[in-house]
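Right, one structure below, let's go through it.
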Amino acid sequence: MRIAVAGGTGTLGSYVVEVLRTGGHDPVVLSRGRGVDLVTGAGLDQALDGAQAVIDVSNRITTSRSKAVGFFEAATTNLLAAGHRTGIRHHVAVSIVGIDRVGLGYYAGKLRQEELVLASSRPVSVLRATQFHEFAGQVLQQVPGPVAIVPRARVQPIAAREVAAALAELAIGTPVGMAPELAGPREESLADMGRRLLRARGSRRPVLQARLPVAGASAMASGGLLPTGPGPRGVQTYEDWLAERAR
């Protein structure tokens, strides 16, 4: 099956491409490096020609609400329109657990993406997943200085590879609209994840947690990023992921 992967060069996208190829499918990467611009729509029709499904894992890393909404609105609108013109039979988008409870600017963009996909007349599926195991490292990178002060947050991290496998399975199946939330096997503290990551890297940098005066801080501390109902759960724990990286 020929499946287009929007954002196929990123962390999650690379796993999606790998999973599809291993499963005997023909992944087509949609990226600027391959002549496709999701924001303008340039090159989309040609890239989607012959594909039966689209998996959208495209991303714009920003804390700005307007930039996030602008990116996801443009990219999603263009993907859906091009999919309609080229006969895409299933549009799959990844989203994030808790974005309707945690008021971050980036999450506003993801919510807009969900709205557009679910309101479309196209056959669609949306999968909300929790943060990846890489999340703690990404947060630490954004905190300069000898001491890392991170938000007080309860998370249930999952392996990006397992999210990729779930997206691939959705794409080759029947569209379901909003799929059950996908989460990792156990709850973790973001600060503790950061400490264990630095320890595994041989760093003694202290990690302190605080309820920062930013949007969504209270919701993150009280479990706003955790799944609220039954759904599939990943297998690889954060500890197992760290051990894998150390080998």
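Approximating the spin labels as points 7 Å out from Cα along Cα→Cβ, the A210-to-V147 distance works out to 0.8 nm. What fraction, in whole percent, of alpha-carbon pairs in segment 164-247 exceed 16 Å separation? Roughly 67 percent, once rounded to a whole number. Residues within the reach of a label modelled at T62 (point 7 angstrom out along Cα to beta-carbon, backbone nitrogen below 20 Å), restricted to segment 127-148, are 139, 142.
Protein heavy-atom accessible surface, 1.4 Å probe, per residue over segment 113-195: 40 Å².
Calculate, for D100 and M1, the FRET efficiency according to 1/(1 + (r/R0)^6) with r their C-beta to C-beta distance and R0 35 Å; round to the nearest 0.05. Show your work: numbers first, answer last.
Details: r = 32 Å, r/R0 = 0.91.
With a Förster radius of 35 Å, E is 0.65.
In the elastic network of the chain, a GNM with C-alpha springs shorter than 10 Å, the most mobile of G35, G173, G202 is G202. Among L198, L30, L226, the largest mean-square fluctuation in a Gaussian network model of the chain (Cα springs under 10 Å) belongs to L198.
Surface composition of the chain: carbon plus sulfur atoms hold 53% of the accessible area, using a 1.4 angstrom probe and ignoring ligands, DNA and RNA.
Accessible surface area normalised per residue over segment 1-45 is 46 Å², counting heavy atoms of protein chains with a 1.4 Å rolling probe.
Roughly what angle does helix 160-171 make with the longest principal axis of the chain, taking Cα atoms, 0 to 90 degrees, to the nearest 10? Helix 160-171 sits roughly 30 degrees off the main axis of the chain. With r as the distance between the Cβ atoms of M178 and H84 and R0 = 25 Å, compute the FRET efficiency 1/(1 + (r/R0)^6) and round to 0.05. FRET efficiency, H84 to M178: 0.75. Backbone geometry of segment 174-188 corresponds, through the Karplus equation with coefficients 6.51, -1.76 and 1.60 at θ = phi - 60°, to 3J(HN,Hα) couplings of 7, x, 10, x, 7, 7, x, 5, 10, 9, x, x, 8, 6, 9 Hz, x marking Gly and Pro. Based on C-alpha pairs under 8 angstrom that are at least 6 apart in sequence, the chain has a relative contact order of 20 percent. Applying the Karplus relation 6.51 cos²θ - 1.76 cosθ + 1.60 with θ = phi - 60° to segment 125-138 yields 3J(HN,Hα) values of 9, 10, 10, 8, 10, 7, 4, 7, 4, 6, 4, 4, x, 5 Hz, where x marks Gly and Pro. Using a Gaussian network model of the chain in which every pair of alpha carbons under 10 angstrom is joined by a spring, one finds that among P227, P206, P180 the greatest mean-square fluctuation is at P206. The convex hull of the Cα atoms of the chain, projected and averaged over all directions, covers 13.1 nm². Relative to the longest principal axis of the Cα atoms of the chain, the long axis of helix 105-119 lies at roughly 30 degrees.
The values are calculated or read from the model by the stated rules, or taken from the named source; none is laboratory data. These numbers come from a predicted model, not from an experiment. When we count neighbours, we look across all protein chains shown, and the Cβ atoms used for this are built from the backbone with ideal geometry, even at glycine. Only protein heavy atoms, including side chains, enter the accessible area calculation; ligands, DNA and RNA are left aside. Shrake-Rupley method; radii C 1.70, N 1.55, O 1.52, S 1.80 Å.
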